Amino acid sequence: MTQVKIIGGGLAGCEAAWQLAERGIKVDLYEMRPEKSTPAHQTSELAELVCSNSFRSDDKLSNAVGILHEELRICGSLIMKAADKHKVPAGSALAVDRNLFSAEVTKHISDHKNIKLIQKEVKNIPDDWENIIIATGPLTSEPLSKFILNKSSNDSLYFFDAIAPIIYSDSIDMSAAWFQSRYNKVGPSGSLNDYINCPLNESQYLQFVDELIDADRASFNDWEIDTPYFDSCLPIEVIARSGPQTLRHGPMKPFGLNNPHKKGDEPYAVVQLRQDDITGQLYNMVGFQTKIKYGHQTDIFKKIPGLCNARFARLGGIHRNTYINSPKLLLSNLSLISDQRIKFAGQITGVEGYVESTSMGLISSLMTYNKLKMRNQIPPPETTAMGSLISYITRKDDVKNFQPMNINFGLFEKMNISDIRKKPKRIRDIEKKNRIAQRAENDLNEWLSSNFA
Ligand SMILES: Cc1cc2nc3c(=O)[nH]c(=O)nc-3n(C[C@H](O)[C@H](O)[C@H](O)COP(=O)(O)OP(=O)(O)OC[C@H]3O[C@@H](n4cnc5c(N)ncnc54)[C@H](O)[C@@H]3O)c2cc1C
């Protein structure tokens with residue numbers, strides 16, 4: 001008898017189905033293609049890569065996504081097995097032959113005795129389904145999106161990511177920037193200093209506005225143009241085009257801010273950065289969602305005083321992307337708080353990228369497995385890449401503007417490296433990453449043996 005229904009035969013759904021089936025659980029996997037496709041998918045294969053053929057860096061010692069690769073391999077991931085088998089030369093990155101990769105995954109899923117593949121769109125979740133994983137991705141079909149919208153609340157399902165760039169805080173020059181909340185108002189953390197402020201004088205501001213207006217922009221796909229909710233997230237360069245002073249009265253307004261480096265004067269304009277992670281390693285540029293091409297973003301944003309040496313954890317973007325407000329809706333075992341029959345997996349949970357989506361498929365299935373075995377559903381610790389992603393999407397602190405995230409070192413639990421503080425920065429950075437990688441591997445193995453032995 002079927003024990004788990006999985007909706008969506010993408011990277012996350014296939015990984016989830018495989019993990020459960022390999023543990024002896026009977027799974028129905030629903031995939032709507034080829035009967036109904038999405039605007040981006042081209043084939044009827046499972047686990048189709050809709051764009052790039054790259055799984056990004058495979059460096060398991062000093063790259064965050066490389067650590068995630070390794071964790072997935074340790075957990076016996078089908079997606080990683082197929083990727084490793086069909087990799088193509090790509091330097092230190094893991095890139096794959098997309099057709100062979102998808103065919104390999106499709107064959108393993110179709111041949112598995114515990115998986116029944118049903119090629120049909122799921123429009124809602126019937127009351128008599130007991131254990132469900134929704135892994136329908138960034139292009140979830142409309143009827144199911146409506147069902148999810150009804151299950152949650154109107155402000156809990158998004159159709160676009162409007163991503164503002166995120167910067168590592170240790171790369172911000174605080175001899176130009178300063179901490180202060182507007183009008184010194186106490187923020188949710190109880191502090192008067194919730195924001196980092198980067199000041200611009202009049203000529204810097206006007207030149208910055210000109211550069212935004214002239215910047216090379218990425219365009220929308222035809223099928224993205226009519227997607228709802230776009231009005232609420234205007235790109236910064238579009239705001240700039242509406243008049244030279246508009247930004248100064250919008251996201252770059254200086255009012256209520258006093259520059260301590262200039263005797264407390266109010267600057268002409270300000271770029272504000274807001275903390276993006278619990279440990280304060282990451283700050284996002286408030287209101288700076290943009291369609292400017294990546295190379296131009298770094299050129300332009302590094303001209304902002306305080307950001308000349310900025311390292312970007314991610315650049316800005318605006319894409320069609322259906323995702324839920326996970327901090328509000330999900331428990332840390334990826335169950336929907338309001339209906340715990342349902343778990344979510346993949347990009348729809350608010351992670352971003354092939355590997356991140358796969359990992360949320362894997363965790364969702366392991367949590368489902370333990371639920372069926374009546375064991376505790378404990379996610380991996382925040383010292384691991386998978387645990388840090390779970391923690392990012394299900395954190396219960398005051399999340400105002402939940403945005404999808406790739407894995408990056410800023411999400412991992414902080415590591416004490418005071419013993420290497422005196423080493424040169426370059427060596428210290430490498431050693432810190434190596435230590436985080438080693439800690440992640442050890443802690444993941446310990447988590448697996450304590451929870452799934
Ligand atoms: C245009 C575009 C380009 C992208 N480019 C990249 C990139 O280059 N690199 C990268 O890392 N990430 C990229 N992404 C993000 C990428 O989609 C995800 O990283 C990854 O595919 C998500 O995996 P998933 O399993 O969550 O969803 P998907 O891989 O999209 O799988 C979801 C599956 O669910 C099916 N489905 C949807 N609704 C239903 C339903 N109601 N019933 C049954 N089946 C349903 C779909 O047909 C699909 O097969 C891109 C996304 C888009 C939209």
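Close Cβ contacts (under 7 Å, 6 or more residues apart or on different chains) running from residues in segment 110-135 that are part of a helix (DSSP H, G or I) to residues that are of a type in the set (A, V, I, L, M, F, W, C) comprise Ser110/Leu117.
Filter segment 361-375 for residues that are open to solvent by less than 10 Å² (accessible area, probe 1.4 Å) and either assigned to a loop (DSSP other than H, G, I, E, B) or not assigned by TED's automatic domain parsing to the domain that holds Ile390 (or both) and give the result. Correct list: empty. Residues that are within 16 Å of the ligand (Cβ to nearest atom) and either charged (D, E, K, R) or part of a loop (DSSP other than H, G, I, E, B) (or both) do occur in segment 325-344. Residue count for segment 383-416, restricted to those that are among the β-branched types (Val, Ile, Thr) and more than 20 Å from Asp59 (Cα to Cα): 4.
Determine whether Ala313 is at pLDDT below 95, among the hydrophobic types (A, V, I, L, M, F, W, C) and crowded, with 20+ Cβ neighbours inside 10 Å. Yes, satisfied.
Within segment 70-80, identify whether any single residue is within 16 Å of Ser357 (Cα to Cα), more than 11 Å from the ligand (Cβ to nearest atom) and either free of Cβ contacts under 8 Å to residues at least 24 places away in the same chain or open to solvent by 50 Å² or more (accessible area, probe 1.4 Å) (or both), and answer yes or no. Within segment 70-80 (the criterion being within 16 Å of Ser357 (Cα to Cα), more than 11 Å from the ligand (Cβ to nearest atom) and either free of Cβ contacts under 8 Å to residues at least 24 places away in the same chain or open to solvent by 50 Å² or more (accessible area, probe 1.4 Å) (or both)), the answer is yes, since at least one residue qualifies.
Would you confirm, using the coordinates I've provided, whether Lys303 is in a helix (DSSP H, G or I), in contact (Cβ under 8 Å) with a residue 24 or more places away in the chain and surrounded by fewer than 21 Cβ atoms within 10 Å (Cβ to Cβ)? Considered against the rule, which asks whether it is in a helix (DSSP H, G or I), in contact (Cβ under 8 Å) with a residue 24 or more places away in the chain and surrounded by fewer than 21 Cβ atoms within 10 Å (Cβ to Cβ), Lys303 comes out as no.
One residue stands out in segment 136-161 among those that are within 13 Å of the ligand (Cβ to nearest atom) and assigned to a strand (DSSP E or B): the one that is surrounded by the fewest Cβ atoms within 10 Å (Cβ to Cβ), namely Phe159.
The C-beta contact set for segment 33-54 (first residue within 16 Å of Ala135 (Cβ to Cβ), second residue basic (Lys, Arg) and more than 8 Å from the ligand (Cβ to nearest atom), distance under 8 angstrom, 6+ apart or interchain) comprises Glu48/Arg98; Leu49/Arg98.
In this entry, Asn63 passes the filter for residues that are more than 9 Å from the ligand (Cβ to nearest atom) and crowded, with 16+ Cβ neighbours inside 10 Å. Of all residues in segment 13-53, those that are open to solvent by 10 Å² or more (accessible area, probe 1.4 Å), near the ligand (Cβ under 6 Å from one of its atoms) and not in a loop (DSSP other than H, G, I, E, B) total 1.
The values are calculated or read from the model by the stated rules, or taken from the named source; none is laboratory data. This is a predicted model, so every value here is computed, not measured. Note that we place each Cβ from the backbone using ideal geometry, even for glycine, and neighbour counts take in every protein chain shown. Quick note on the areas: whole protein, heavy atoms, side chains included, nothing else; ligands and nucleic acids left out. Shrake-Rupley method; radii C 1.70, N 1.55, O 1.52, S 1.80 Å.
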